[in-house]
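Here is the structure we will look at, set down as structure tokens.
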Amino acid sequence: MSLKDKSAIVGLGYTDQGKVPGRSALSFYLEASRNAADDAGLSIKGIDGIIIEPCPTDPRISAFGLAQEMGLELKFGADEQVQGASAGAIMQHAAMAVDAGLCDYCLCAFADTSYSSPSAGGVVYQAGGGINAAYGMFGVAASYAMIARRYMHEYGATSRQFGAVSVAFRHHASLNPRAQFRTPITIEDHQESRWVVEPLRLLDCCPVHDGGRAYIVTTPERARHLRQPPVYIMGFGQGHPFSDPLRRKTLTVTGAVQSGKTAFGMAGITPADVDVCAIYDAFSFIVPLQLEDLGFCKKGEGADFVQNGRIMLGGVLPVNTSGGLLSEVYLQGWVGTHEAVAQLRGDCGPRQVPGARIALLTSSGGALSEHATVILRR
Amino acid sequence: MSSKIQKPLPRVDELHRPFWEAARRHELVLQRCRKCASYRYPAGPTCPECVSDELEWTRVSGRGTVFTWTVFHRAYHPAFADEVPYAVVAVELVEGPRMLTNLLDCLPADIKIGMPVEVVFEDVTEEIRLPKFRPVSR
């Protein structure tokens, strides 16, 4: 049986985010969890399932440790590590769990303290070692730079075109009180920003941050009795190319091809039916790459597609209306999950997409290594 | 005491020992599957094509082309401070696998995808001769 519309998101939890020194990762998990339950109008004691994405700076924290701190004996739980794709992948696992009756209310949560923790400076995202370090290869951004170079080579995409993504999301962030970077930028600002790892400039890259996020998944029947308008999970899928980009046949086809195909198939819709997107944007150029792999435009036309305000509010396909990872905050895929749900509830104020009924979100891990797509409707 | 800061060195473990022993002779060797004849890199316990564990270290041509590259403008390790901006390059060997490496005798601005290159060994320590590549005319 299809899992289409068999589950709903009923609570969103946010915390202070960005540069939030002096707080433990556990405190972010707990605050986000409480806030998600409050948002849903649900007692935290009603939570009987928890899935967490492990914290990059404190991976000892588990779903079961979190449950213990909230006095909950779980029926279902897991620490689910799908790297940056966890937020979307966990939503899928939670949908299966509530549909199967393994639990009634599945809390899903994440926290990061990469900006302020003792292992700060994004150290966890800079891993380098083995033979690669001998060649001066450090950091995941460099792997993305190598993929960007192939994208430019194979399809003629340019750095200036990537800049349109950063400019659009910064505009959205200027309308979002939660966003960390709210001053509008121009293409010229993008082109003048320093190289991080060529061909990626500073304004092509997300930062690292502190904060927590949580959401709650339950069955449609339960969802209808809670405080918020239910947001139904229409379709979902995953696609996982090899972890090491250099071992893939091609660098310019992402896991979004398979995850999107599975998700659209379950939802029974096409890209033309989608009103708003939350596309994983750790780096600007991966937005056009995923949009083309998801079928919003032809392969190789993504960099053209994102020009001329098409992905801005008011455009044909508003993308990352919160500012995304590039300008709202870097909390991996949990930025997109929350903004997609908020749009479908109509909660986005000046950045609301009028009449948004269907949203698509992606989350992506490693160097475009793991990929999850989820399609939601109100 | 030399003030020169040592670059990070690869760890020579049992799996990789044949690779580094060949490198000391300035030979590039990769694991090749006895069953399906495909090559693999980096080294591992099985052949990802047919999942056979019958792999043998085989000398390869050392020739290939630039597949992609990136340029570092900051040193993330002090030993690279004098080298920025420097390029890290992925070379696709004619045998198939791709290797992360550096190009010698080539400025970052002159690197092009598809340019032919050949292996050359940099003597880093007595134990480690690091395979790097340089452009060749073809």
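The values are calculated or read from the model by the stated rules, or taken from the named source; none is laboratory data. Every value quoted in this text rests on a predicted model; they were computed, and no experiment measured them. Every residue, glycine as well, gets a Cβ built from its backbone with ideal geometry; the counts of neighbours run over all protein chains shown. Quick note on the areas: whole protein, heavy atoms, side chains included, nothing else; ligands and nucleic acids left out. Shrake-Rupley method; radii C 1.70, N 1.55, O 1.52, S 1.80 Å.
Some points to look at:
- Here the Debye sum runs over all C-alpha atoms of region A:1-94 as equal scatterers in vacuum, and log10 of I(q)/I(0) at q = 0.18 Å⁻¹ comes out as -0.91.
- Nearest-ten-degree value, helix A:256-267 long axis tilted from longest Cα axis of chain A: 40 degrees
- Using alpha-carbon coordinates, inclination of helix A:25-40 to the longest axis of chain A, degrees: 60 degrees
- Candidates A:Gln332, A:Gln228, A:Gln258: whichever shows maximal mean-square fluctuation once chain A is modelled as a Gaussian network with Cα springs under 10 Å: A:Gln228
- Principal-axis tilt of helix A:334-345 within chain A, Cα atoms, nearest 10 degrees: 70 degrees
- Semi-axes of the equivalent ellipsoid for region A:153-286, computed as √(5λ) from the eigenvalues of its C-alpha gyration tensor and ordered from largest down, come to 31, 23, 14 Å.
- The GluC sites (Glu not before Pro) of region B:21-114 meeting both criteria, a DSSP state outside H, G, I, E and B (loop) and at most 15 other C-beta atoms within 10 angstrom of the site's C-beta, are B:Glu49, B:Glu54, B:Glu83.
- Protein heavy-atom accessible area occluded, B/A pair - total, 1.4 Å probe, Å²: 2700 Å²
- Other residues lying with their Cβ under 11 Å from the Cβ of A:Cys206 contribute a combined charge of -3, Lys and Arg counting +1, Asp and Glu -1.
- Over region A:210-329, all Cα pairs binned in 5 Å intervals from 0 give whole-percent P(r) values of 2, 9, 16, 20, 20, 17, 10, 4, 2, 0, listed from short to long.
- Residues B:Tyr41, A:Tyr215 ordered from highest to lowest accessible area at a 1.4 Å probe: B:Tyr41, A:Tyr215.
- Label-point separation, A:Gln68 to B:Leu104 (7 Å along Cα→Cβ), nm: 5.6 nm
- 28 Å tail of the calculated P(r), region A:87-231, as % of Cα pairs: 43 percent
- At an R0 of 45 angstrom, the distance between the Cβ atoms of A:Lys75 and B:Arg24 translates into a FRET efficiency of 0.15.
- By the helix-only formula, in which each DSSP H run with n ≥ 4 contributes -39500 (n - 2.57) and the sum is divided by residues, chain A has a 222 nm mean residue ellipticity of -9500 deg cm²/dmol.
- Solvent accessible area, Å² - A:Lys299, 1.4 Å probe, full protein context: 80 Å²
- One equal scatterer on each Cα of region A:259-314, no solvent, Debye formula: the resulting log10 I(q)/I(0) at q = 0.12, 0.19 Å⁻¹ is -0.27, -0.68.
- Rounded percent of accessible protein surface that carbon and sulfur make up, region B:17-135, 1.4 Å probe: 46 percent
- Cα convex hull of chain A, projected area averaged across orientations, nm²: 17.1 nm²
- FRET efficiency for the B:Glu122 to A:Arg60 pair, using the beta carbon distance and R₀ = 56 Å, is estimated at 0.85.
- Of the cross-linked pairs A:Lys261/A:Lys298; A:Lys249/B:Lys132; A:Lys4/A:Lys261; A:Lys249/A:Lys299; A:Lys45/A:Lys75; A:Lys261/A:Lys299, those separated by over 19 Å at the C-alpha level are A:Lys249/B:Lys132.
- GNM flexibility winner over chain A from A:Val316, A:Val329, A:Val287 (Cα, springs under 10 Å): A:Val316
- Burial of 30 Å² or greater, region A:225-267 residues [accessible area, probe 1.4 Å, versus chain by itself]: A:Leu246, A:Arg247
- Scaled radius of gyration (Cα, divided by 2.2 N^0.38 Å) that region B:25-69 gives: 1.24
- Restricting the calculation to alpha carbons of region A:291-378 gives Rg and Dmax of 13.0, 35 angstrom.
- Shielding of B:45-56 by partner chains, average beta-carbon count, 10 Å: 0
- Taking all protein chains together and a 1.4 Å probe, the residues A:Arg248, B:Arg32 rank B:Arg32, A:Arg248 from largest to smallest accessible area.
- Note that region A:151-209, at 4 °C in a medium of 1.567 mPa s, gets a Stokes-Einstein diffusion coefficient of 107 µm²/s from its Kirkwood radius over C-alpha pairs.
- Rg and Dmax of region B:17-135, based on Cα coordinates, read 15.3, 46 Å.
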